[in-house]
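Have a look at the structure below, then the notes.
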Amino acid sequence: MSDPLYARLWQQRRLLCWVLLAQIGSTAAALALPRLNADLIDRGILAGDFGFIVTVGMRLLAVTAAQVMVAVIAMLCGRRAALRFARDIRRAVYQKVVRMSGTDRLVFGTASLVTRMTADAYSRCSCWCRSSARRS
């Protein structure tokens, strides 16, 4: 955990755990749908059992609704974690710019520093994400 980016990401661990759990739930629901569909056809439609067709159809709708809900939860939690992570990176870069000497700030200029600050935060996040993907 010596890398400051890992430390900043570690602060978002609760949200990232929610993303992981929601993705597992979404995947489980997606894997349950074909089995329910097969049961609907094999034991309901082919057998002509209207009650079974309605029951399994309601289960299909419930599993689909659950899948949509957990997918939305995963998206919202992931978005929030990413925004907080980027905010922390921008804040760290801003604090570094503020600690610069007045001469350095005059050399670079305000517009240049703002542009560099935004671009540096983006490039640090994207480089870190790419390097993390290679490690795993």
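Among the residues of region 3-54, those identified as in contact with an Asp or Glu (Cβ under 9 Å, 6 or more places away or on another chain) and open to solvent by 50 Å² or more (accessible area, probe 1.4 Å) are Arg8, Gln11, Arg43. Ala47 meets each of the listed conditions (1) among the aliphatic types (A, V, I, L, M); (2) part of a helix (DSSP H, G or I); (3) modelled with pLDDT under 95 apart from (2). Taking region 10-58 as the range and being under 19 Å from Met75 (Cβ atoms) and hydroxyl-bearing (Ser, Thr, Tyr) as the test, the residues that pass are Ser26, Thr27. Pick from region 55-94 the residues that are of a type in the set (Lys, Arg) and in contact (Cβ under 8 Å) with a residue 12 or more places away in the chain: which of them is surrounded by the most Cβ atoms within 10 Å (Cβ to Cβ)? The qualifying residue surrounded by the most Cβ atoms within 10 Å (Cβ to Cβ) is Arg90.
The values are calculated or read from the model by the stated rules, or taken from the named source; none is laboratory data. All values derive from a computational prediction rather than experimental measurement. When we count neighbours, we look across all protein chains shown, and the Cβ atoms used for this are built from the backbone with ideal geometry, even at glycine. In case anyone asks, the SASA skips ligands and DNA or RNA and just uses the protein heavy atoms, side chains included. Shrake-Rupley method; radii C 1.70, N 1.55, O 1.52, S 1.80 Å.
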